[in-house]
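Participant: Take this structure, written in structure tokens, and hold onto it; I'll ask about it next.
Read-outs throughout are calculated quantities, based only on the coordinates presented, and are distinct from any laboratory measurement. Small disclaimer: the values here were computed from a predicted structure and weren't measured. Cβ placement follows ideal geometry from the backbone for every residue including glycine, while neighbour counts extend to all protein chains displayed.
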Amino acid sequence: MPLPADVLMMRLRNEIEMCQRELRHHITVSDPTLSAFPILINVTFLRVPGPAWEESKVVHRFVHRMAILVNEEYPMEKPIVKWQTPIFHPNIMPPEDGGYVCTKLLENWDFSSTLASFIKGIESLLVSPNPRNPFGCDACTRAAAYFNRNRYAPPLVMDQSDRRIRIIGDADG
């Protein structure tokens, strides 16, 4: 049974504000009034190293994007998550393969789950791929095979407060 509309809007508004206040990432919402479902929440991860495949080698990208689609059954029903930037990861499909995210966070979604804890979990997964449990697409199984053979050591998560570090380009470059 869904939450009453006013309760859902209040909960979602509180969760989005918490994300914007507590996370270092850029969060935007398709409908700031939260009245037209589904609500699209765009998350741009900033200064978080994640693996990508370029010129036959693994490189680190520090800007990533994902979209979270929340419907009127939230939080009883988990959101739909789509990855939107290039990735070489056993647990995250590249956008061209669907962009789905394989995570226990979605499998175990329940009423007490929040967007902030979910986004923090994705950040952790991005930095620490789990090659023992890959998603079932070719790109993810190739990434799993690579990470099972080669130790993945990403650089440290960059501190947002360090103004000496600059990100040049957007999530596609």
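Participant: Identify the residue in the stretch 65-86 that is more than 17 Å from D6 (Cα to Cα) and hydrophobic (A, V, I, L, M, F, W, C) and, among all such residues, is nearest to the chain's Cα centre (by Cα).
Facilitator: M66
Participant: I'm told L69 meets every condition in (1) over 21 Å from L23 (Cβ atoms); (2) in contact with a Pro (Cβ under 6 Å, 6 or more places away or on another chain) except one. Can you identify the failing condition by its number?
Facilitator: Only one criterion in (1) over 21 Å from L23 (Cβ atoms); (2) in contact with a Pro (Cβ under 6 Å, 6 or more places away or on another chain) is unmet by L69, namely (1).
Participant: Scan the stretch 89-133 residue by residue and report those that are closer than 28 Å to E54 by Cα, within 12 Å of the chain's Cα centre (by Cα) and among the small types (G, A, S).
Facilitator: Within the stretch 89-133, G99, G121, S124 qualify.
Participant: Restricting attention to the stretch 81-132, which residues are in a strand (DSSP E or B) and small (G, A, S)?
Facilitator: Result: no residue meets the conditions.
Participant: Here's another thing I want to ask about it. Can you tell me which residues in the stretch 48-74 are more than 18 Å from E96 (Cα to Cα) and in contact with a Lys or Arg (Cβ under 7 Å, 6 or more places away or on another chain)?
Facilitator: Result: F62, single match.
Participant: For residues that are over 16 Å from the mean Cα position of the chain (by Cα) and assigned to a loop (DSSP other than H, G, I, E, B), scanning just the stretch 1-27, find the one that is surrounded by the fewest Cβ atoms within 10 Å (Cβ to Cβ).
Facilitator: Per the stated criteria, the residue is M1.
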